[in-house]
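Encoded as structure tokens, here's the structure I'll be asking about.
The values are calculated or read from the model by the stated rules, or taken from the named source; none is laboratory data. Quick caveat: nothing in here was measured; it's all calculated off a predicted structure. Because the Cβ atoms are built from the backbone with ideal geometry, glycine has one as well, and the counts that use them run over all protein chains shown.
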Amino acid sequence: MMYFTPVETTFGHLTLIHRGTDSAGVVAILLPKTKKESLQEVKSRFPKAEQGSVDSLIPFKGMLIDYFDGARVKFPIDVLDLSICYPFQIEVLKAEWSIPYGKTASYSCVAKKIHSTAYRAVGNALSRNPFPIIIPCHRAIRSDRTLGGFQGGLKMKRRILEMEGVEFDSLGRVAEEYVQSSLDPLFDYFQSPKYLNNFNGTF
């Protein structure tokens, strides 16, 4: 059984799709829209989902609200059901998750971190990211520092990055100081037991 939980944010009506279990089991995050548009998307993509929530989602919802209010939040991924993704995509999403708040990285940078030269495949994996915002695919950009694509459109992508403090040059490219040249050692640190055991959602 699938459930949907609406979350009101300053960007609009965001929706969590989940299995309703104690571990949350979030299978999709629908980006902010109007309430009417969000309900239409739920009915279109998850026609059998019923509205409902579980206690384990309460702090997660609070983090989403805080994030869109401008707080520096690092989301946990233990509430996500990554089993719905294919193996290569899981690698890409975990690497993308390590890009810090207020920074960006190119698709090729993400590919190199997972020891791949399949830059286009990385882009495709991110374009199908079921968990936008939590897995921050809005922080993935092209090597020329232009924005690339985003499920919510480029206007929303830029708005989110600017909310995080990212600046742009006169040509609309991400300013160089906001681009990560490597995901080391952040990626390895975020995968470490020390980080995961002590993670509290903020930094």
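Among the residues that make up the range 167-187, is at least one of them in the same structural domain as GLY102 (by TED's automatic domain parsing), outside any helix (DSSP H, G or I), modelled with pLDDT of 95 or more and within 17 Å of TYR119 (Cβ to Cβ)?
Scanning the range 167-187 turns up at least one residue that is in the same structural domain as GLY102 (by TED's automatic domain parsing), outside any helix (DSSP H, G or I), modelled with pLDDT of 95 or more and within 17 Å of TYR119 (Cβ to Cβ).
A further question follows. Give the range 149-172 a look and list any residue that's among the small types (Gly, Ala, Ser) and under 12 Å from THR104 (Cα atoms), or say none.
GLY165
Shifting gears a bit: ASP78: under 21 Å from HIS138 (Cα atoms) and modelled with pLDDT of 95 or more, yes or no?
Here the answer is no, as ASP78 does not meet what is asked.
Also: Does the range 73-100 hold any residues that are buried (at least 22 other Cβ atoms within 10 Å of the Cβ), in contact (Cβ under 8 Å) with a residue 60 or more places away in the chain and out of contact with any Phe, Trp or Tyr (no Cβ under 8 Å at 6 or more places or on another chain), and which are they?
Result: ILE99, single match.
Please tell me if LYS103 is surrounded by fewer than 21 Cβ atoms within 10 Å (Cβ to Cβ), modelled with pLDDT under 95 and basic (Lys, Arg). Explain how you work it out, then say what you get.
On the way: surrounded by fewer than 21 Cβ atoms within 10 Å (Cβ to Cβ): yes; modelled with pLDDT under 95: no; basic (Lys, Arg): yes.
No, not satisfied.
So which of ARG142, ARG128 is basic (Lys, Arg), within 12 Å of the chain's Cα centre (by Cα) and in the same structural domain as LEU93 (by TED's automatic domain parsing)?
ARG128 is the lone residue from the list that is basic (Lys, Arg), within 12 Å of the chain's Cα centre (by Cα) and in the same structural domain as LEU93 (by TED's automatic domain parsing).
Looking only at the range 62-93, count every residue that is closer than 18 Å to ILE160 by Cβ and among the charged types (D, E, K, R) and tell me the total. Working first, answer last.
Of the residues in the range 62-93, the ones closer than 18 Å to ILE160 by Cβ are 63-75, 93.
If we keep only those that are among the charged types (D, E, K, R) as well, we get 66, 69, 72, 74.
Total meeting the criteria: 4.
Given the condition of a type in the set (A, V, I, L, M), modelled with pLDDT under 95, crowded, with 21+ Cβ neighbours inside 10 Å and not assigned by TED's automatic domain parsing to the domain that holds GLY123, answer yes or no: does some residue in the range 52-65 qualify?
yes
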